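K.L.:
Here it is, the structure in full.
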Amino acid sequence: MTDDGAAFRNAVRRGYDALAADYDAVRDDADPPAVLVDALADTAGGRLLDAGCGGGRGVLGPLGDSFDGVGLDISRAQLELAGERAPAAARVQGDMTRLPFAEDAFDAVTALHSVIHVPAAQHTDVYREFRRVLRDGGVAVVTAGTEAWEGENDDWLDSGEHMQWSFPAPEETEAALADAGFRIEDSEMKGSDAGGSWRFYRLS
């Protein structure tokens, strides 16, 4: 039987449900990168999907007031935090590989530090879902790691909770984006408060 990644994603859901507050406490409130701010400025006032919104620190909190925002996350506990930070945004518990939204439903889609919690073999499926729900002329911003790595931690943040990650190589990410029908308009490298770095891609 083909592995559809459900066990991986369920482990992520259970982990974030258990340690949502711990994770939120170690996140910083660094200014959003220019590529994100500029991209969303072009679609301000429209409908925004923040896929893997977490506690709302990345998009819904600092930028969501400019949009009809919708936060999607696999973790209910994370969505509760997002509701405190961005009370005007709608919140939906769901899976990025099967978005519960109609085609052409959004003017902007963001996914910051979230696709890495889906098995790399399914990243193209996720990006195809983003493309499906994004209207023509819309904009997407996603982040990806800068080095290939896949792993897990049974005591993440010293919490005793399990977490899993899957980072493809940059060229694999860019190929998956192209396969999904996206064009890279711009990108920006930004360091992480947890170490390492991320690349932010602006897509059309």
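The values are calculated or read from the model by the stated rules, or taken from the named source; none is laboratory data. In this text, all values refer to a predicted model and were calculated from it rather than measured experimentally. As a convention, Cβ positions derive from the backbone with ideal geometry for all residues, glycine included, and neighbour counts pool all protein chains shown.
K.L.:
Name the one entry in Asp65, Asp31 that is surrounded by fewer than 22 Cβ atoms within 10 Å (Cβ to Cβ), part of a loop (DSSP other than H, G, I, E, B) and free of Cβ contacts under 8 Å to residues at least 60 places away in the same chain.
P.N.:
Details: Asp65 fails: part of a loop (DSSP other than H, G, I, E, B).
None of the other options fit; the residue is Asp31.
K.L.:
When the residues of segment 112-146 are filtered to those that are part of a strand (DSSP E or B) and in contact with a helix residue (DSSP H, G or I) (Cβ under 7 Å, 6 or more places away or on another chain), which remaining residue is farthest from Val70 (Cα to Cα)? Lay out the reasoning, then the answer.
P.N.:
First pass over segment 112-146, keeping only residues part of a strand (DSSP E or B): 134-145.
When the remaining residues are screened for being in contact with a helix residue (DSSP H, G or I) (Cβ under 7 Å, 6 or more places away or on another chain), the result is 139-142, 144-145.
On the way: Val139: 15, Ala140: 14, Val141: 15, Val142: 16, Ala144: 21, Gly145: 25 Å.
Selected residue: Gly145.
K.L.:
Let me ask you something else. Which one of the conditions (1) at pLDDT 95 or above; (2) surrounded by fewer than 18 Cβ atoms within 10 Å (Cβ to Cβ); (3) polar (S, T, N, Q) does Thr110 fail to meet, given that it meets all the rest?
P.N.:
(2)
K.L.:
Provide a single number: the residues in segment 155-204 that are within 30 Å of Ala18 (Cα to Cα) and without any contact (Cβ under 8 Å) to a residue 60 or more places away in the chain.
P.N.:
Counting residues in segment 155-204 that are within 30 Å of Ala18 (Cα to Cα) and without any contact (Cβ under 8 Å) to a residue 60 or more places away in the chain gives 14.
K.L.:
Taking the conditions exactly as written (under 19 Å from Glu188 (Cβ atoms) and at pLDDT 95 or above), does Val92 satisfy them or not?
P.N.:
In short, no.
K.L.:
Within segment 152-173, take every residue that is more than 15 Å from Ser114 (Cα to Cα) and of a type in the set (Gly, Ala, Ser) and give me the one that is modelled with the highest pLDDT.
P.N.:
Ala169
K.L.:
Return the residues of segment 3-37 that are acidic (Asp, Glu) and at pLDDT 95 or above; say none if nothing qualifies. Talk me through it step by step, then tell me what you get.
P.N.:
The first filter runs over segment 3-37 and keeps only residues acidic (Asp, Glu), leaving 3-4, 17, 22, 24, 28-29, 31.
Answer for segment 3-37, where residues must be acidic (Asp, Glu) and at pLDDT 95 or above: just Asp17.
K.L.:
Also, quick follow-up: Tell me the strands (runs of 3 or more DSSP E) entirely within segment 155-204 that contain at least 2 residues that are of a type in the set (D, E, K, R). Write out each step before concluding.
P.N.:
Numbers: elements: 161-167, 184-191, 197-203.
In segment 155-204, 184-191, 197-203 are the strands (runs of 3 or more DSSP E) which contain 2 or more residues that are of a type in the set (D, E, K, R).
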